[in-house]
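Trainee: Before I ask anything, here is the structure I am working with.
What follows is calculated from the coordinates using simple rules that are stated; it is not laboratory data. Since the structure is predicted, the reported quantities are computational estimates derived from the model, not experimental observations. Cβ: placed from backbone, ideal geometry, glycine included. Neighbour counts: every protein chain shown.
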């Protein structure tokens, strides 16, 4: 089983306009609503990849009910904890340039976090994967990640930390199985300036030396690189027109994890992950399995570079 934790789910309200003028009345020509949050995206993707998954996290209010309804429509298993704070609404404005306005993360209480810990103690068993993804509220402190590390070690559970900024810098020392920084985040994590591919590899190797098994570095349109103790694999992304950046990184994590759970080799899992990231980038919503399969052969891999 692959469990995902989304501390700060959302409704992603996507509005399309031909032009946008600050301080003036703007009318949308089209709007769309999605259940958002990186962990929720990953569970939706895993379901599309025919993987067993359960979405965990915190939801509240009418917006939280909408998130649960959306997942139920896709038959995604869920076990959310209800909180008083309404689930946030993120606005994605699509014009000539894309503008985003994300709501604040909830301030979770000690009792709410303890309820999540209890869920994890009851659910996690050997062979499971746990993916902690997205924004991490300030009320989630180091004691939670100490708990995660100890529980996963005891139960022989692999876990993924897919976040950014200070949260990634703070909690990467708890040695998740997999992390996926971009070039800028990688530079911040190792405290070095990175300008070449060789420097990216050396920086990723420093994280591996700290106990992280898989370091996947997103290189944007240039593809990605996966570094382990014994492997360096660079992937060139398939060619196509990017229409949606939301969820591309989540697609990499979901697809790669799904394949590793199946027992697929690291090389093929990484290839599938890069194909999934591209498939989502080429779509208006998250990709489906058949769209990924159509791109897998177009992912060019270079080993040992």
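Trainee: Please give the contour-minus-distance gain from residue 262 to residue 82: 0.36 nm per residue of separation, less the Cα-Cα distance, rounded to one decimal in nm.
Mentor: 61.6 nm
Trainee: Follow-up question, since we're still on this one. Which distance in Å, rounded to a whole number, links the C-alpha centroids of the stretch 132-198 and the stretch 61-99?
Mentor: One Cα centre to the other: 24 Å.
Trainee: Right, next: What list do you get for 271, 88, 27 if you sort them by fewest beta carbons within 10 Å?
Mentor: 27, 88, 271
Trainee: Give, in nm to one decimal, the length gained when the segment between residue 142 and residue 197 is fully stretched (0.36 nm per residue of separation minus the Cα-Cα distance).
Mentor: Extending this stretch completely gives an extra 16.5 nm.
Trainee: State, as an integer percentage, the relative contact order of the stretch 130-217 based on alpha-carbon contacts under 8 Å between residues 6 or more apart.
Mentor: The normalised contact order for the stretch 130-217 reaches 27 percent.
Trainee: Ok, one more. Can you match volume of the Cα convex hull per residue in Å³ to one of these, [x] 332; [y] 181; [z] 139, based on a calculation from the structure here?
Mentor: Label [z] holds the value from this structure.
Trainee: In percent, what relative contact order does the chain have, based on Cα pairs under 8 Å that are 6 or more apart in sequence?
Mentor: Dividing the mean separation by the residue count of the chain yields 15 percent.
Trainee: Shifting gears a bit: For 1, 256, what's the fewest-to-most ordering of other Cβ within 10 Å of each Cβ?
Mentor: Least crowded to most crowded, the residues run 1, 256.
Trainee: From the Cα gyration tensor of the stretch 36-127, with a ≥ b ≥ c the square roots of its eigenvalues, which class applies: rounded if a/c is under 1.5, or else prolate if a/b is larger than b/c, or else oblate?
Mentor: Verdict is oblate for the stretch 36-127.
Trainee: Something else now. Given the -39500 (n - 2.57) contribution per DSSP H run of 4+ residues, what per-residue ellipticity at 222 nm results for the chain, rounded to the nearest 500 deg cm²/dmol?
Mentor: -12000 deg cm²/dmol
Trainee: Additional query: Describe numerically, in nm with one decimal, the distance between label points set 7 Å from Cα along Cα→Cβ at residue 97 and at residue 122.
Mentor: Placing both labels 7 Å beyond Cα along the Cβ direction yields 4.9 nm.
Trainee: Next question, about the same structure. Going by a ≥ b ≥ c, the root eigenvalues of the Cα gyration tensor, does the stretch 266-305 fall in the rounded group (a/c under 1.5), the prolate group (a/b larger than b/c) or the oblate group?
Mentor: Prolate.
Trainee: Once fully extended, how much extra length lies between residue 208 and residue 239, figured as 0.36 nm per residue of separation less the alpha-carbon to alpha-carbon distance?
Mentor: So the chain would gain 8.2 nm between residue 208 and residue 239.
Trainee: If you build a Gaussian network model of the chain, linking Cα atoms that sit under 10 Å apart, which residue out of 16, 272, 66 swings the most?
Mentor: 16
Trainee: Okay, moving on. Where is the GNM fluctuation largest for the chain (alpha-carbon springs, 10 angstrom cutoff): 39, 277, 127?
Mentor: The residue that fluctuates most here is 127.
Trainee: Sequence gap at least 6, Cα distance under 8 Å: using those rules, report the relative contact order of the stretch 177-305 to the nearest whole percent.
Mentor: In percent, rounded to a whole number, it is 22.
Trainee: Here's something else I'd like to know. Which order do peptides 205-215, 293-303, 43-53 fall in by mean Cβ count within 10 Å, highest first?
Mentor: 43-53, 205-215, 293-303
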